[in-house]
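This report concerns only the one structure given below.
The values are calculated or read from the model by the stated rules, or taken from the named source; none is laboratory data. A quick note: this is a predicted structure, and the numbers were derived from the prediction, not measured. Virtual Cβ from ideal backbone geometry, glycine too; neighbours counted across all protein chains shown.
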Amino acid sequence: MPVTKVLLIDDDEDDYILTRDLLNQGPARDNYQLSWCNNYIEAIGLMLKNLYDVFLVDYRLGKFSGLELLDEAVKSNCNKPIIILTGKGDAQIDQEAMRLGAADYLVKDEVNSRMLERALRYSVRNYRVLERLKASETQFRIIFERSKDPMAITNIEGRILEANNAALEFFGLTKEAMLFANAAEFYKDRSTRAQYIVAMESKGSVTDMECEFVTKTGVVKVGSISSFQQLPDNDSEKLYYTIIHDLTPHRDKEHQLDLEKKLSAIERTAKNFAVEIYNPLSNINLAVDDLRIDSNRQEDLIVLDIVKKNCEKINQLTAELIASTGTSGIKMKKTDFNKLVNTSVLEAESLYNLEIQTHIDGKVWLNGDKEKLAFVLQNVFQNAADAIPPDAGKREVLVEVKKGGEAVTLEIKDSGSGIPENDLEKIFEPFFTTKPKASGLGLTHSQRIIQAHNGTLKVTSTENKGTSVVITLPVE
C-alpha cells in the first residue's frame, strides 16, 4: 500500500507532536508520513503544489482561521481532502466546514489514534473514488459529445436534460429548442413511445428497438433505440440514457435498390408491351387507311378518324411509357447547375403563375444532361402549381440549393394540398395520378432521369400543409 502523505497545518508545535504520536500508535503507522506547517501563507502554497494526499487544518491559525484557509484552498482548485481540527465541538463550525468543502471534522479533545487513522483513510479513499468518477464522467462526456450517433438523457416524462450535437443534427433543432422539447414529440406513432416506456420500466433497458421519428421539418427517419435506466439516488429523479442508431441511410439504400429493381422490371415489361402492341396497332392503322380510301360515306370517315386518333393516342402513350421507364438518350456534360435552376424558376413563374423564392448556396457544377434535368424541374414545378388552389392568396414555392461534400441538394417546397399518405408509395408508379388529365408518367420519368445521374429523388408530404421534393445529385 502506498504511503499517504499528510500535512498538518497548525501554529502549535505541541499539537504536531500529539498528532505524530497518535499516528505512530496505530497499527497502520507505516502507511502515513506526517509533515508540519505553522504558517498560513506557506500552507496555502503547499496545498496548491500537489505534494500531499490529505491535509489536517487547525481551526485557529493565529489571526486567520482554518475555515478561511479551507475556503481559499477550495477556490484555488485544491481538490485534495481537507480535515478541520478544533479544540471543542461546535455544530455551527462543523456545518460551515462541510459547506465549504471539508472532507471531515474532528474535535482534538475527543480524537484518538483509531479515530484519526480512520478519518484519514476514509478521506483519501473517498477522494480517490471521486477522482475515478470524475475521470469516468469526463470520458463519458467526450464520448457523448463526439459520438456520431444521436445521444440524449431524458426523464420518464420525456423531458430532455441533455443532447449531443448528433442528436441536434438528427432532429434538425438548436440546443435551446431541443432542451425545450419533449422526447415524446419526436415519435411518429405515440404508441411506440408507450411501448418504449413499458419496456424501460419493466426491464430497465431497451436494445435495438426500431422506431420512426419525425424531425423539425417533418421528415420521417428510422432509428434503432438502445437505452438504459439510471436508478435514482436520494432525491434525484430516474434518468434514461439513450443512443439512436440512424437506420435512415440504410433504409434509403434498400428502398433505392428495391425501386431500381421495380423500375427495371417495369422497363422490361414496357418494352415487351411495346413490341406486342406496335404490330397489331400498325395493322389497325393500315386497315383504317385502306377503309378511308374505299369509303365515300361521311359517317364512315368520321368513325375512321376516331379510330385513327385513338390509335395515335395509344402509340403516343406507349412511347411515353418506354421513355419514362428507360434511361436511354442521357447525354452527360459539364453543367452549370445554378444557371439551370434559375432558368427553370423563371420559366415556372411564367408558365404556372407561381411566386418562387430561391436560395442558392454557392456555385455548383455537375456532370449531367441539362435538358433532362430541366424536364425534371418543370415537372416538379407543374405538380406544385397543380397542388396550390388557383384562388390561393399566395401561390408560393420555396427553392433551396445546398452544396455539401460531394453532393448538391435541391429542395422544392410548396404549400399546396399535399399528398395522402397512402398515395406516397405509389407516386412513382407508371400511370398513377390523382389529376384528371395527367398521364401519370411525369414522376416515373423524373425518377429514372435522376437515377441515371446517380442521384436520388425523394418526396415527403403532409395533407393540407404541402409537399417537399428533395433531389440529391453528385457534383464535379
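Here is a yes/no grid of residues against (1) over 30 Å from LEU23 (Cα atoms); (2) in contact (Cβ under 8 Å) with a residue 60 or more places away in the chain; (3) outside the structural domain of ILE84 (by TED's automatic domain parsing); (4) touching a strand residue (DSSP E or B) at 6+ places or on another chain (Cβ under 6 Å):
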{"position": "ARG125", "(1), (2), (3), (4)": "no, no, no, no"}
{"position": "LEU133", "(1), (2), (3), (4)": "no, no, no, no"}
{"position": "LEU161", "(1), (2), (3), (4)": "yes, yes, yes, yes"}
{"position": "LEU168", "(1), (2), (3), (4)": "yes, no, yes, no"}
{"position": "GLU176", "(1), (2), (3), (4)": "yes, no, yes, no"}
{"position": "ARG193", "(1), (2), (3), (4)": "yes, no, yes, yes"}
{"position": "GLU201", "(1), (2), (3), (4)": "yes, no, yes, no"}
{"position": "LYS216", "(1), (2), (3), (4)": "yes, no, yes, no"}
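Taken as a whole, the structure places ASP30 among residues that are outside any strand (DSSP E or B), of a type outside the set (Lys, Arg), closer than 14 Å to ARG121 by Cα and touching a residue at least 24 places away in the same chain (Cβ under 8 Å). Output the residues belonging to segment 365-391 that are buried (at least 17 other Cβ atoms within 10 Å of the Cβ), touching a residue at least 40 places away in the same chain (Cβ under 8 Å) and closer than 12 Å to HIS445 by Cα. LYS372, LEU373, VAL376, ASN379, VAL380, listed by residue number.
The rows are residues; the columns are (1) within 30 Å of ILE388 (Cβ to Cβ); (2) modelled with pLDDT of 90 or more; (3) touching a Lys or Arg at 6+ places or on another chain (Cβ under 7 Å); (4) assigned to a helix (DSSP H, G or I).
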site	(1), (2), (3), (4)
VAL303	no, no, no, yes
VAL307	no, no, no, yes
LYS313	yes, no, no, yes
ALA323	yes, no, no, yes
SER328	no, no, no, no
LYS334	no, yes, no, no
LEU340	yes, yes, yes, yes
VAL345	yes, yes, no, yes
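Name the single residue that is nearest to GLN95 (Cα to Cα) among those in segment 107-138 being aliphatic (A, V, I, L, M) and surrounded by fewer than 11 Cβ atoms within 10 Å (Cβ to Cβ). Looking at the filtered set, the residue picked out is VAL129.
The set of residues from segment 154-209 being in contact with a Leu (Cβ under 7 Å, 6 or more places away or on another chain) and assigned to a helix (DSSP H, G or I) comprises LYS175, MET178. Taking TYR52, is it modelled with pLDDT of 90 or more, closer than 26 Å to LYS134 by Cα and touching a helix residue (DSSP H, G or I) at 6+ places or on another chain (Cβ under 9 Å)? Considered against the rule, which asks whether it is modelled with pLDDT of 90 or more, closer than 26 Å to LYS134 by Cα and touching a helix residue (DSSP H, G or I) at 6+ places or on another chain (Cβ under 9 Å), TYR52 comes out as yes. Which of the residues belonging to segment 45-63 are within 55 Å of the chain's Cα centre (by Cα), surrounded by fewer than 17 Cβ atoms within 10 Å (Cβ to Cβ) and over 24 Å from ARG118 (Cβ atoms)? Selection gives GLY45, LEU48, LYS49, ASN50.
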